[in-house]
Amino acid sequence: MGGASVATTAAITGCRKDPQLSQAQEEYKNQVEPPMGKMTYRVNPKTQEKVSLLGYGMMRLPSEKDTKGGEDKIDQEMVNRLVDYAFEHGVNYFDTSPAYCQGHSEASTGIALHRYPRDKYFVATKMSNFNPETWKREKAIEMYRNSMRDLQVDYIDYYLLHAIGGGGMENLHQRYLDNGVLDFLVEERKAGRIRNLGFSYHGDIKVFDYLLSEHEKYQWDFVQIELNYLDWDYANEINPDNTDASYLYAELKKRNIPAVIMEPLLGGRLSKLPQFLVAKLKQQDPDKSVASWAFRYAGSPDGVLTVLSGMTYMEHLKDNLLTYSPLVPTTEEQNEMLYEVAREIVGLENIPCNDCKYCMPCPYGIDIPGIFVHYNKCKNEGRMPLKNMAEEYSRRRREYLIGLDRAVPKMRQADHCIGCGQCEPHCPQGIKITRELHKISEFVEDLRQHPEIIMGNDENDEA
């Protein structure tokens with residue numbers, strides 16, 4: 001596949017089985033069928049085209065296990081079924097990248113969409129030139145043309161500079177400015193092969209501000225930002241390198257630039273809340289899923305064009321369709337309740353990993369997101385083994401270690417991190433990954449060495 005020929009060391013793995021599937025099925029066991037013909041649409045101010053408020057993110061596609069031990073393959077039949085169901089219920093925006101699903105997402109998306117008339121859907125993809133080799137002008141242009149070939153289209157509706165901000169202004173210059181690639185893409189827009197040109201933002205706010213300051217020159221048609229009820233006011237508290245979504249959205253709104261929303265669930269974190277927070281949401285509406293609150297919040301601002309969701313399973317697709325068919329915007333009172341939930345989440349002091357897998361693959365085989373997800377899950381559920389717990393400590397210690405070994409093979413655990421740091425520039429949340437891995441490694445080693453009592457750790461610094 002063409003996308004694989006330009007795959008980068010930062011390629012996003014995706015396309016793996018979700019260990020939370022059984023939990024999702026339990027929450028959605030009484031799920032009703034979403035109505036047809038009720039999708040909420042937003043109007044692109046440039047083209048006047050109606051875009052479905054729910055956008056399909058083709059980042060975590062269903063996969064088939066390779067019984068011979070090779071690489072899992074995308075389950076194309078299931079992808080087609082999901083896309084068909086989404087189409088039937090009004091979804092018309094599909095977002096992919098050459099880096100998703102080990103370089104195979106664009107081709108799979110192209111197969112699914114090519115069965116429909118070209119004017120019935122909008123496809124978004126990206127210049128995912130993360131590898132220095134692809135900073136060369138000819139390699140970047142090759143990536144762009146491969147995308148059109150794999151998607152089986154002769155124009156792209158929404159094209160993005162992917163994940164700008166990581167590496168700061170120097171990285172922006174190397175990837176897009178000094179090599180003339182951005183000028184090339186502007187010319188492609190003039191020629192009609194790109195209908196809307198924008199960028200997705202992660203990282204250094206100076207890059208975001210610079211590109212908006214050049215709006216008159218580049219005429220950005222849309223910008224993709226991370227927006228959810230946690231990041232609205234607390235992104236900077238979770239990570240000092242991040243910028244609150246309230247600022248990002250306001251800057252786009254000021255210029256009448258539509259916002260495309262990514263990470264409405266923070267990689268699933270806002271659908272897997274501690275039980276006491278789940279109870280707070282269920283008190284408001286016991287029939288609504290935990291995830292639906294985050295999607296309602298993300299879709300409520302009028303400057304939002306579409307909200308992306310990586311829907312691997314039919315249960316997730318149906319739940320999101322129920323939320324947006326039609327959208328009932330959150331009220332001010334409900335927003336305040338969600339901000340209270342956000343404050344509680346910040347107080348948990350979790351590692352702010354979204355399980356996006358931008359850090360993968362690790363050259364030394366470490367399952368970075370798997371390690372962080374297990375740690376956060378235990379902490380959220382109040383199952384961390386802490387000192388001075390007497391009999392409780394021994395049981396929790398055993399549960400933590402057994403759970404870790406089941407979730408992450410021993411050869412892929414934190415103690416194998418050599419601190420090379422290759423993962424860190426790709427993390428949208430700016431996590432000091434090697435530091436966190438080493439802290440978790442020391443924590444786990446303490447657990448293994450001390451079956452009766454954990455040495456020298458307090459509740460707030462156990463890992």
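Numbers for the structure displayed
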quantity	calculated
Net dipole in debye of the stretch 92-245 [+1 Lys, Arg Cβ; -1 Asp, Glu Cβ; about Cα centre; nearest 20]	860 debye
Relative contact order computed over the chain (Cα-Cα under 8 Å; 6+ residues apart), in percent	17 percent
Of all accessible heavy-atom area on the chain, the percent that carbon and sulfur account for (1.4 Å)	49 percent
Where labels lie 7 Å past Cα in the beta-carbon direction, separation of Met314 and Asp285 in nm	2.4 nm
Two-site FRET efficiency, Thr331 against Lys68, from Cβ-Cβ distance with R₀ of 45 Å, rounded to 0.05	0.25
Gained length - Arg383 relative to Phe276, 0.36 nm times residue gap less alpha-carbon distance	37.1 nm
DSSP bridge orientation in the chain - percent antiparallel, rounded to nearest 5	20 percent
Efficiency of FRET from Cβ geometry, Glu237 and Val43, R₀ 30 Å, rounded to 0.05	0.30
For Ser63, distant residues with modelled amide H under 5 Å away	Asp75
Once the Cα gyration tensor of the stretch 133-234 is diagonalised, semi-axes √(5λ) in Å	23, 16, 14
Distant alpha-carbon pairs in the chain (separation over 42 angstrom), percent	13 percent
Leading residue at positive end of dipole, the chain (Cβ point charges), from Phe208, Gly55, Pro425	Gly55
Probe 1.4 Å - accessible area at Ile433, Å² to nearest ten	0 Å²
Cα-projected label distance for Arg395 with Asn80, points at 7 Å along beta-carbon direction, nm	5.1 nm
Average accessible surface area per residue within the chain, 1.4 Å rolling probe, Å²	43 Å²
Cα gyration tensor category, rounded, prolate or oblate, for the stretch 45-176 with a/c compared to 1.5	oblate
Spherically averaged projected area in nm², based on the convex hull that wraps the Cα atoms of the stretch 276-368	8.1 nm²
Separation of the His416 and Met36 label points, Cα + 7 Å toward Cβ, nm	4.9 nm
Segment His173-Lys50, extension gain: residue separation times 0.36 nm, minus the distance between their alpha carbons	40.9 nm
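The values are calculated or read from the model by the stated rules, or taken from the named source; none is laboratory data. Fair warning: this is a prediction, and the values are worked out from it, not measured in the lab. Cβ atoms come from the backbone with ideal geometry, glycine included; neighbour counts cover every protein chain shown. Quick note on the areas: whole protein, heavy atoms, side chains included, nothing else; ligands and nucleic acids left out. Shrake-Rupley method; radii C 1.70, N 1.55, O 1.52, S 1.80 Å.
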